[in-house]
Amino acid sequence: MPVRLDARDPGFEAAFTTLLGGKRESAQDVNDTVAAILDDVRRRGDAAVLEYTARFDRLTLEPQGLRVSLGEIDTAVATVDPDVRDALALAADRIASFHGRQVPQGFSYTDQAGVRLGQRWTPVSAVGLYVPGGTAAYPSSVLMNAVPAKVAGVERVVMVVPTPGGVLNPLVLVAARMAGVDEIYRIGGAQAVGALAYGTATIAPVDKIVGPGNAYVAAAKRQVFGTVGIDMIAGPSEILVVADASNDPDWIAMDLLSQAEHDAAAQSILITDDEAFADAVERAVAIQLASLSRVDIASASWRDHGAVIVVGDLLADAPALVDRVAPEHLELAVTDPDALAERVKHAGAIFLGRHTPEAIGDYVAGPNHVLPTSRTARFSSGLGVLDFMKRTTLVGCSPGALGALGRAAVRLAQAEGLEAHGLSVATRLNIPRF
Ligand SMILES: NC(=O)c1ccc[n+]([C@@H]2O[C@H](COP(=O)([O-])OP(=O)(O)OC[C@H]3O[C@@H](n4cnc5c(N)ncnc54)[C@H](O)[C@@H]3O)[C@@H](O)[C@H]2O)c1
Ligand SMILES: N[C@H](CO)Cc1c[nH]c[nH+]1
Ligand SMILES: [Zn+2]
């Protein structure tokens, strides 16, 4: 059973704090395992990657088998169901259209001192996209990662995806072709993150690694940060639904289960202002769970990490609780979702109204579904074009402009005791040595 809390109870604060601090990823174990794998991949390259792939994905390969061939991609494209291909194409178009609006503009101007100043954006040259594949295939995540990378102008887009038992959903390859992925390797977990970060004989290193994954992938990304850039920590999925009693409990139950079925470590939370509605949703979850093919995963998630919270007044009480959870996905199934949304500061993505199930955002709405989890939405955002770009500033001084600013720079260099700094300006201006 999920935990049931009532915000009006005296013990609520302590219970809610416990919920927030609950460990959904056994951090130390996972970190230690991942550190050992990364170290091994850095030292032994392909040989280590192949061994871990055999151990964790039950797939024995030679180095030349790591890369998915063009022939395999052609076959996938030729055999895909046209209906599914069209759905994928619709998703790709909508994702491209949304992300096209994120492309940042540089600027340049000359200020009053006559200094030319500017800022320009350039793409990262090579990125690694992690596409999860341990327990489910994610063609949609291929699009969510690769489309913004290509919109940003990334030259080399490398995808890794685990293929447990050697099985790879052809749609993953179709999506990769559609989005313009340049290289695909059938590896996953920490070993794939290590291969992308450090490079191996077969896989050239990348500059940045993005994309979601399970606890091992999230830990590996944290640990290679610095050697490469990373986007954020997009770990096991989460949903927080704020719903009043006017909703159909079956709809809300399915929304909660839609994220629970991703991972036993996923988290689904309901906040409502009606005790009877909370009971009805819990009953509906119990019934609908049984019909899901991923019943074991969804049940474990709901039982171990699910929560139902009853508050006195949704508009007054829910936003502060939402902000403390900072959920990956926030669904506002209320009559005036905008009023509630305006009061929320921390959430990866917000879904407005009773007819906007979170799953529409997972596939076809357009915004990215790779979003910050584990309360990191307090300080980070979903994947987007900016994650594939960086900015460079430009400064240009004429002799007059240097004259206007130089003295102040020399003074500050003196104050910092950095003589060469001061002299590099002073010599150009014929200011006497200090
Ligand atoms: N936040 C997001 O935007 C977002 C989007 C899509 C999916 N997700 C999440 O991605 C995750 C996908 O997880 P998954 O497991 O299906 O696929 P995955 O590709 O993330 O992980 C599979 C890999 O995990 C490694 N692994 C598994 N058990 C291990 C162990 N005991 N020791 C070392 N390594 C081990 C293996 O190398 C395996 O290849 C889910 O948690 C889902 O919720 C998140
Ligand atoms: N809900 C996931 C992000 O947490 C994304 C996804 C992909 N496919 C289905 N769902
Ligand atoms: Zn999902």
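The values are calculated or read from the model by the stated rules, or taken from the named source; none is laboratory data. Here the structure is a predicted model, which means the values were calculated and not measured. Every residue, glycine as well, gets a Cβ built from its backbone with ideal geometry; the counts of neighbours run over all protein chains shown.
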(message) Looking at (1) touching a Lys or Arg at 6+ places or on another chain (Cβ under 6 Å); (2) within 12 Å of ligand 2 (Cβ to nearest atom), which one does ILE230 not meet, given that it meets all the others?
(response) (2)
(message) Among the residues of segment 164-180, are any at pLDDT 95 or above and polar (S, T, N, Q)?
(response) no
(request) Go through segment 1-30 residue by residue and tally those that are outside any loop (DSSP other than H, G, I, E, B), among the polar types (S, T, N, Q) and at pLDDT below 95. (result) 1
(request) State the number of residues belonging to segment 288-306 that are of a type in the set (A, V, I, L, M) and either under 20 Å from ASP317 (Cα atoms) or free of Cβ contacts under 8 Å to residues at least 12 places away in the same chain (or both). (result) 2
(request) Find all pairs meeting these conditions: Cβ atoms under 9 angstrom apart; at least six residues apart or on different chains; first residue within segment 1-22 and free of Cβ contacts under 8 Å to residues at least 40 places away in the same chain; second residue assigned to a strand (DSSP E or B) and among the aliphatic types (A, V, I, L, M). (result) GLY11/LEU5; PHE12/LEU5; PHE12/ILE309; ALA15/VAL3; ALA15/LEU5; THR18/VAL3
(request) Could you look through segment 233-284, keep only residues that are more than 16 Å from ligand 1 (Cβ to nearest atom) and hydroxyl-bearing (Ser, Thr, Tyr), and pick out the one that is surrounded by the most Cβ atoms within 10 Å (Cβ to Cβ)? (result) THR272
(request) Tell me which of these LEU50 doesn't satisfy, since it passes every other one: (1) in a helix (DSSP H, G or I); (2) more than 19 Å from ALA197 (Cβ to Cβ). (result) (2)
(request) Please give the strands (runs of 3 or more DSSP E) falling wholly within segment 108-220 in which 3 or more residues are within 21 Å of ALA48 (Cα to Cα). (result) 126-130, 156-160, 183-185
(request) Please work out which residue is nearest to ligand 3 (Cβ to nearest atom), limiting yourself to segment 335-349 and to residues that are part of a loop (DSSP other than H, G, I, E, B) and touching a helix residue (DSSP H, G or I) at 6+ places or on another chain (Cβ under 6 Å). (result) GLY348
(request) Give the number of residues within segment 259-286 that are in a helix (DSSP H, G or I), out of contact with any His (no Cβ under 9 Å at 6 or more places or on another chain) and touching a residue at least 12 places away in the same chain (Cβ under 8 Å). (result) 10
(message) Restricting to segment 263-301, count the residues that are within 16 Å of ligand 2 (Cβ to nearest atom) and farther than 21 Å from LEU332 by Cβ.
(response) 9
(request) Determine if segment 404-424 includes at least one residue that is surrounded by fewer than 20 Cβ atoms within 10 Å (Cβ to Cβ), under 30 Å from SER140 (Cβ atoms) and in contact with a Lys or Arg (Cβ under 9 Å, 6 or more places away or on another chain). (result) no
(request) Scan segment 7-39 for residues that are over 23 Å from the mean Cα position of the chain (by Cα) and not assigned by TED's automatic domain parsing to the domain that holds ASP273 and jot them down. (result) ALA36, ASP39
